């Protein structure tokens with residue numbers, strides 16, 4: 001199963017690490033589940049929901065550690081997105097990396113994304 005990703009601001013990432021679990025960002029709490037992106041969805045999620053933000057972290061998550069609370073559901077553009085109907089445990093985090101804005105105003109993440117090999121498989 002391929003790595004999934006959560007985009008967090010620096011304050012949320014710090015709080016998550018200190019608490020050992022993450023109940024969700026305000027949008028997650030409002031929707032009743034934690035939003036994630038698959039590797040091929042990260043760029044679109046950044047552009048749609050986080051454009052211009054400079055305080056972001058890309059957190060790589062091992063989906064196999066989330067059990068039946070992780071559901072893949074139709075969302076943006078009819079694509080299946082991972083949604084977690086539970087708190088996210090810190091133990092499911094593979095790695096995290098800060099995102100920076102490039103000269104064009106788009107976020108730059110290392111490729112492969114943290115937690116994946118060059119083929120998009122979990123490392």
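The values are calculated or read from the model by the stated rules, or taken from the named source; none is laboratory data. Since this is a predicted model, take the numbers as computed values, not measurements. All Cβ positions, even for glycine, are placed from backbone atoms using ideal geometry, and neighbour counts span all protein chains on display.
Among the residues of the range 33-82, the ones that are out of contact with any strand residue (DSSP E or B) (no Cβ under 9 Å at 6 or more places or on another chain) and under 23 Å from residue 16 (Cα atoms) come to 2 in all.
Per-residue answers, yes or no, for (1) surrounded by 14 or more Cβ atoms within 10 Å (Cβ to Cβ); (2) in contact (Cβ under 8 Å) with a residue 12 or more places away in the chain; (3) over 24 Å from residue 105 (Cα atoms):
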| site | (1), (2), (3) |
| --- | --- |
| 2 | yes, yes, yes |
| 40 | no, yes, no |
| 57 | yes, yes, no |
| 60 | yes, yes, no |
| 63 | yes, yes, yes |
| 73 | no, no, yes |
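The residue pairs whose first member lies in the range 91-118 and is on the phi > 0 side of the Ramachandran plot, whose second member is part of a loop (DSSP other than H, G, I, E, B) and at pLDDT 70 or above, and whose beta carbons are closer than 8 Å, counting only pairs six or more residues apart or on different chains, are 105/51; 105/52; 115/3; 115/62. Given the criteria over 16 Å from residue 96 (Cα atoms), more than 15 Å from the chain's Cα centre (by Cα) and either in contact (Cβ under 8 Å) with a residue 40 or more places away in the chain or part of a loop (DSSP other than H, G, I, E, B) (or both), does residue 77 qualify? Here the answer is no, as residue 77 does not meet what is asked.
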